[in-house]
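Here the structure comes first, spelled out in structure tokens, and everything after it is commentary.
The values are calculated or read from the model by the stated rules, or taken from the named source; none is laboratory data. A quick note: this is a predicted structure, and the numbers were derived from the prediction, not measured. Here the Cβ is made from the backbone with ideal geometry for all residues, glycine too, and neighbour counts use every protein chain on show.
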Amino acid sequence: MQILNNMAEHSKNFLIRVLGGTSLAASGLGYILEHYFGTSGCVLCQIERILLAVCGVVALLMASTRSRLVTTGHAALWKAGALVSLYHSLIQFGVLPVPAFCQVAPVMGSSLQEKLSTFLNTPHAPCNKVTMSILGIPLPVYLGLFFAFGAVLIYVLKMRKPQEQSQREERKPQEQSQREE
């Protein structure tokens, strides 16, 4: 029985590491698409990429931990990513207005240096513009689903006690009371 529990624990850790590797690969792909292929993102896209990379690193480093605090924080990161992606999706679908930090400011300045400075300090695309979609669905929707899947996976694999373990913990007080008698 102990061997089966160890195998189950290793497969849980493996799934979380796969989740972390996938999120790091997706984050890296986003940066490659932006910097080498010219598909510019907005401020929320950049925040989502940063959250995706942080979630990936934490998943790879903390997959084998049993600390409830670390696992709760890890799940909270995935939930935060899902909320940012949901917010971004609602802006792109026109449900929410575009916030001030997401609007593209005009490039201003009299010299090339000033124009370049304002250009580099502003987002390249407004948050309500769909810059990339797959099958007609914007990428923040897919990213939100991925973040939600990650949060659920972390919860199911790490935060929920296995049924066998909880049954053993329920039996311990009964066994102790029988020994005392």
### Message
Filter segment 35-47 down to the residues that are crowded, with 18+ Cβ neighbours inside 10 Å and not aliphatic (A, V, I, L, M) and list them by number.
### Response
GLY41, CYS42, CYS45
### Query
Among the numbered criteria (1) exposed (fewer than 13 other Cβ atoms within 10 Å of the Cβ); (2) within 20 Å of PHE149 (Cβ to Cβ), which single criterion is violated by ASN13?
(1)
### Message
Among the residues of segment 107-122, are any out of contact with any strand residue (DSSP E or B) (no Cβ under 6 Å at 6 or more places or on another chain), surrounded by 13 or more Cβ atoms within 10 Å (Cβ to Cβ), within 19 Å of THR39 (Cα to Cα) and modelled with pLDDT of 65 or more?
### Response
no
### Task
Would you confirm whether any residue within segment 1-10 is surrounded by fewer than 20 Cβ atoms within 10 Å (Cβ to Cβ), in a helix (DSSP H, G or I) and at pLDDT 80 or above?
no
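Among the listed residues LEU19, LEU24, LEU51, which satisfies the condition of being closer than 19 Å to CYS127 by Cβ and either at pLDDT 85 or above or assigned to a helix (DSSP H, G or I) (or both)? Please lay out each step first, then the result.
Working: LEU19 fails: closer than 19 Å to CYS127 by Cβ; LEU24 fails: closer than 19 Å to CYS127 by Cβ.
Criteria check complete, one pass: LEU51.
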### Task
Report yes if LEU44 is at pLDDT 85 or above, part of a helix (DSSP H, G or I) and not small (Gly, Ala, Ser), otherwise no.
no
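Which residue is surrounded by the most Cβ atoms within 10 Å (Cβ to Cβ), if the candidates are limited to segment 64-80 and must be among the polar types (S, T, N, Q) and not in a loop (DSSP other than H, G, I, E, B)?
Of the residues in segment 64-80, the ones among the polar types (S, T, N, Q) are 64-65, 67, 71-72.
With the extra rule that they be not in a loop (DSSP other than H, G, I, E, B), the set shrinks to 71-72.
Working: THR71: 18, THR72: 13.
Among those residues, the one meeting the criterion is THR71.
Tell me, please, whether a residue that is out of contact with any Leu (no Cβ under 6 Å at 6 or more places or on another chain), modelled with pLDDT of 70 or more, among the small types (Gly, Ala, Ser) and surrounded by 13 or more Cβ atoms within 10 Å (Cβ to Cβ) can be found in segment 129-144.
Taking segment 129-144 and keeping what is out of contact with any Leu (no Cβ under 6 Å at 6 or more places or on another chain), we get 129-131, 133-143.
Going one step further and asking which of them are modelled with pLDDT of 70 or more, we end up with 129-131, 133-143.
After this cut, where a residue has to be among the small types (Gly, Ala, Ser) as well, the list is 133, 136.
Keeping just the survivors that are surrounded by 13 or more Cβ atoms within 10 Å (Cβ to Cβ) gives 133.
Yes: one or more hits.
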### Message
Please count how many residues of segment 50-90 are charged (D, E, K, R) and within 9 Å of the chain's Cα centre (by Cα).
### Response
1
